[in-house]
1. Residue by residue through the range 85-100, which ³J(HN,Hα) values in whole Hz follow from phi under the Karplus form 6.51 cos²θ - 1.76 cosθ + 1.60 (θ = phi - 60°), with glycine and proline marked x?
2. Using +1 at the Cβ of each Lys and Arg and -1 at the Cβ of each Asp and Glu in the chain, identify which of Pro240, Thr34, Phe75 lies farthest towards the dipole's positive end.
3. Give me the log10 of I(q) over I(0) for the range 188-265 at q = 0.17, 0.18, 0.27 Å⁻¹, as the Debye formula computes it from C-alpha points; what are the numbers?
4. List every residue whose amide H lies under 5 Å from the amide H of Asn87, counting only residues 5 or more places away in sequence or on a different chain, with H placed 1.01 Å from N in the peptide plane.
5. Around Leu105, what is the net charge, scoring Lys/Arg as +1 and Asp/Glu as -1 over all other residues with Cβ under 9 Å from its Cβ?
6. Over all directions, average the projected area of the Cα convex hull of the chain and note it in nm².
7. How about Lys265: which aspartates and glutamates have a C-alpha closer than 19 Å to its C-alpha, ignoring those fewer than 8 places off in the same chain?
8. Once amide H atoms are built 1.01 Å from N in the peptide plane, which residues 5 or more positions from Thr161, or in another chain, come under 5 Å H to H?
Amino acid sequence: MKNSLLLAMSLSLMACTHSGLHPNQTSISDSATTISLSNPTLSSYTWQLVQATNQQGQAISSLFVRPDQPVSLQFKDNNIGILNTCNHMGGTYKLKGNVLSVGNLVSTMMACDAPINQLDSLMGKIIEGSSTLKITTVNGQPRLTLVSASGDTLVFKGIATPETKYGTQAETIFLEISPKTQTCDAGVRQMQCLQVRQVKYNDQGLKSYVSNSWENFYAPIEGYTHNINERVIIRAKKYPVKNPPADASSAAYVFDMIVEREQVK
């Protein structure tokens, strides 16, 4: 019985080793359906890396050093962006059939600690030049498979962009957010509301306030984390929501960037 158990454990370990998967990587099911490859399909999603192997089928573990912020690709207006590496990287691309051709990438010049600092060069070597693409769906979720000229294979899962999710373009707004929150009524329940003032900027970049008084903000802002020690002005995307549930906001808000930041006691 003991020998049988050891044999089963050994076979299980061998299966994991030969699969080429790093512990942080996600196994991809073989039951996938191929879908049409096009620029609109690529730009409809943010593509998060879930699996990477070299030409020998071995896992490229060094691409998974930020499990909470997976390396991602974005496609828009014939430009490709590489997110969650050390620096933000990007360049132009062309798609002809299933061949993706990426020009020289440019990036910001921020320094990062090891091992994050190696992500730029690793992704640059894989993405620059020509590679082949395939999009499939696995359990209803899009998967993008990229095979580089050197034989590396990257698999990404598609996360719908807000434009795809809400089916419309956004209105860009600016919100000043107070460090303090306020207890407020949200239908039959109470919650902590952000205190905000909407900001306007003119053509010269001078700001003014729609209202000088702080107002309760009932809707969540996707991607924004509130800090009770900061006063910030953020740029956000506002999307109308069709047929919102009762007591829910008729708009969805997505954090874009911080415009101003001030530390407060």
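All of the numbers you see were taken from the coordinates with simple rules; none came from a lab. Remember, predicted model here, so these are calculated numbers, not experimental data. As a convention, Cβ positions derive from the backbone with ideal geometry for all residues, glycine included, and neighbour counts pool all protein chains shown.
1. 8, 5, 10, 7, 10, x, x, 8, 9, 10, 10, 10, x, 10, 9, 9
2. The residue sitting farthest along the positive end of the dipole is Thr34.
3. -0.81, -0.91, -1.53
4. Those lying under 5 Å, H to H, from Asn87 are Asp120.
5. Local charge sum for Leu105: -2.
6. 21.1 nm²
7. Glu176, Glu230
8. Tyr45, Thr46
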